[in-house]
Amino acid sequence: MTPRIAQQSLAQLLAQFPAVVLLGPHQVGKTTVALAETEKHAGVLYLDLELPSAQRQMDDPEAFLLAHRGRLVILDEVQRLPELFAVLRGVIDIRRREGEAAGQFLLLGLASGVLLQQASESLAGRAAQLELAPFQAREVLPAWHGNVGKRLVRARKVYVRDSGIVHALLGLASLEAVLAHPVAGASWEGLVIEQLLAPSASAAASFCRTAHGAEADLVLRFDDGETWVVEIKRASAPTTSKGCHQAATNVGATKRLLLAPVATSYPTRDGVEVMPPLPGPTCWPAAQGDSGTALLA
């Protein structure tokens with residue numbers, strides 16, 4: 001798991017409050033961050049309230065939750081059962097009287113006005129709220145490093161993976177406006193990066209650049225030892241740069257990919273597979289974990 005800045009704050013709040021409400025948009029990593037806490041607590045109970053089986057267990061929420069005294073209970077997608085907050089208030093107070101001052105419940109949900117109101121009204125003085133934002137620049141995409149006999153650039157490279165947000169912030173309301181803007185190339189790179197990382201969540205992602213100009217937009221290293229080097233182009237008739245070939249050699253790439261707005265995938269005689277990024281390539285290894293943020297506004 002990529003370390004998140006909010007992780008330390010979450011641990012501190014769980015040590016201080018009976019309940020913590022972890023809020024954030026879809027696919028921001030709430031579940032991953034929450035499950036990381038299971039390694040610090042014994043006997044954690046996790047329920048995904050989107051599942052009918054989990055909802056059936058909550059037919060009598062008071063009895064169910066009191067049956068799990070002494071455990072951290074993680075309730076995911078808590079906005080699915082808004083009536084639960086009133087019950088939680090009483091259960092928290094019972095467990096408090098029994099000596100459980102903190103770390104009873106971790107509630108995960110969307111940052112909606114309704115959820116915030118329910119939490120603030122029903123759990124006043126009993127719960128802390130923590131918002132999990134999308135990945136920040138200091139949390140993502142480090143420079144690749146290794147002993148390649150080359151002078152590597154160590155500075156991080158920042159990609160904004162949510163192109164829709166980029167376009168909205170810049171006031172780009174049409175495709176023509178995007179293509180005419182200097183951000184078009186970086187926006188395309190960000191969109192493609194998101195399409196690759198979403199189904200490749202188990203891979204270590206980085207970029208590679210040497211002081212002599214060899215550069216790969218993305219390096220994916222998988223658990224099975226595979227290393228893929230990816231170059232991203234916006235041209236409809238793309239060619240692989242000499243710098244990317246050199247970067248692939250430097251990192252010992254087992255697969256070389258060129259992602260561009262082409263109609264179909266095809267191999268080149270220099271060992272590169274050219275393919276479109278949309279929809280996601282079916283050759284990607286099975287995804288594990290959270291996938292990242294949505295792309296389109």
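The values are calculated or read from the model by the stated rules, or taken from the named source; none is laboratory data. No experiment lies behind these values; they were computed from the predicted model shown. With ideal geometry, Cβ positions are generated from the backbone for all residues, glycine too; neighbour counts draw on all protein chains shown.
Can you say whether GLY109 is in contact with a Lys or Arg (Cβ under 9 Å, 6 or more places away or on another chain), under 26 Å from GLN8 (Cα atoms) and without any contact (Cβ under 8 Å) to a residue 40 or more places away in the chain, as far as the supplied structure shows?
Numbers: in contact with a Lys or Arg (Cβ under 9 Å, 6 or more places away or on another chain): yes; under 26 Å from GLN8 (Cα atoms): yes; without any contact (Cβ under 8 Å) to a residue 40 or more places away in the chain: no.
No.
Run down ALA203, ALA237, ALA214 and say which single residue is out of contact with any Gly (no Cβ under 8 Å at 6 or more places or on another chain) and over 15 Å from VAL274 (Cα atoms).
Values: ALA237 fails: over 15 Å from VAL274 (Cα atoms); ALA214 fails: out of contact with any Gly (no Cβ under 8 Å at 6 or more places or on another chain).
The unique qualifying residue is ALA203.
Just give me the residues in segment 111-129 being surrounded by 16 or more Cβ atoms within 10 Å (Cβ to Cβ) and assigned to a loop (DSSP other than H, G, I, E, B), in sequence order.
Matches in segment 111-129: ALA111, LEU123, ARG126.
Does PRO82 fit the bill of being more than 19 Å from GLY125 (Cβ to Cβ) and free of Cβ contacts under 8 Å to residues at least 60 places away in the same chain?
Working: more than 19 Å from GLY125 (Cβ to Cβ): yes; free of Cβ contacts under 8 Å to residues at least 60 places away in the same chain: yes.
Yes: the conditions hold for PRO82.
Among the listed residues LEU65, LEU14, LEU45, identify the single one that is farther than 29 Å from ASP162 by Cα and touching a helix residue (DSSP H, G or I) at 6+ places or on another chain (Cβ under 6 Å). Show your work before the answer.
On the way: LEU14 fails: touching a helix residue (DSSP H, G or I) at 6+ places or on another chain (Cβ under 6 Å); LEU45 fails: touching a helix residue (DSSP H, G or I) at 6+ places or on another chain (Cβ under 6 Å).
Every option except LEU65 fails the conditions.
Would segment 257-274 turn up any residue that is surrounded by 15 or more Cβ atoms within 10 Å (Cβ to Cβ) and modelled with pLDDT under 85?
no
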